[in-house]
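Notes follow the structure.
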Amino acid sequence: MDQFEEVYDQLRREYLAGADARLAELRAEVESLRAGDREAASRLRARLHRLAGSGGSHGFPGISSAARDAEVMLRERGAGPADADALDDVIDQLAVAYSEAEIALRSGQGLQAGEPMTRDPITSLLDLDAFVSQVSKAVAHAQRGREPLAVLCMKLENFRAIREQYGEATTNDVLAHAASVVRTIVRASDPVAHAGEGMFAIMLERAGAEGGRALALKLEKGLAARPFETPEGGTIRLRAQAANAVLGPDGTSADAILRAAGVSVGQEE
């Protein structure tokens, strides 16, 4: 990699590092629109226009395309409070585009020496440190806006038995399979992490205990319905149990909520 490529690579990494701040700004404009701010739609369109340009100039066409599509929709249709939910979905799509850009950058060029890994190498989900960081930011945002937030921890009940019977390689394949099932069930915007030892953690913004319980049931049923098929033709059925913790009743910090969700899972095993 020559000097120009090194500089460009660093600029791209710095650009992606600002994803949370940009998405938060977009979400704030949507909330203003939902509250009846007549100027919020034009501000949102301007932010999307800048994002469409910056995504392309940094070599991330997925981000540019998602932002441009949203900008065109706003320009052609306009937007009012009734459109806020649809715009939430648009920002969720942008969040996915940012995530995919990060994965592509890392998988294509590898990690720099000493750079912290943000994704679990087995499942491609967030690693626990990255997840805790996202929960910490979300807790602060939820507390400022007085919004609900839940963290759900799901554990494969038969994880140890699978590892003992099939070995490490097959167990890793099972984890990757379980991760793909989880990702198809949760919302695209929900951060998901592999927390180790067959445990997955999911953060649910704007969701309370009821939303957490509903997702837990979906995950348990979804994994039970999609067993892992081994290359030899065998079937490994997945039994999962999930529990959630809610901001406020179960803790007021990221660490407290995560501990509460983990203790709940442990007590139910």
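Per-structure values
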quantity	calculated
Test item: Cα-centred dipole of the stretch 128-268, Lys/Arg +1 and Asp/Glu -1 on Cβ, debye	420
Three-way shape label, the stretch 3-109, alpha-carbon gyration tensor, a/c 1.5	prolate
For Asp120, residues with placed amide H under 5 Å, excluding near neighbours	Leu125, Leu126, Asp127, His194
Stretchable slack from Thr184 to Glu5, in nm (0.36 nm times residue separation minus alpha-carbon distance)	60.9 nm
Of [x] 1.34; [y] 1.00; [z] 1.05, the label for Rg/Rh (Cα atoms, Kirkwood Rh) derived from the coordinates	[y]
Mean Cα-pair separation over length for the chain, i.e. relative contact order, pairs under 8 Å, 6 or more apart, %	17
Ranked Ile122, Ile236, Ile257, criterion: other C-beta atoms within 10 Å, fewest first	Ile122, Ile236, Ile257
Ellipticity estimate at 222 nm from DSSP helix runs (n ≥ 4, -39,500 (n - 2.57)) divided over the chain, nearest 500	-21000 deg cm²/dmol
Exposed-loop-free span, longest in the chain, where trypsin sites (Lys or Arg not before Pro) count as exposed if DSSP calls them loop and at most 10 other C-beta atoms lie within 10 Å	147-269
Stretch gain in nm, segment Asp20-Gln134, where the contour uses 0.36 nm per residue and the Cα spacing is subtracted	40.2 nm
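Quick note: the coordinates plus some simple rules give every number you see, no bench work behind them. From a predicted model like this one, the values you see are computed outputs, not experimental measurements. Ideal geometry is used to build each Cβ from the backbone, glycine not excepted, and the neighbour counts take in all protein chains shown.
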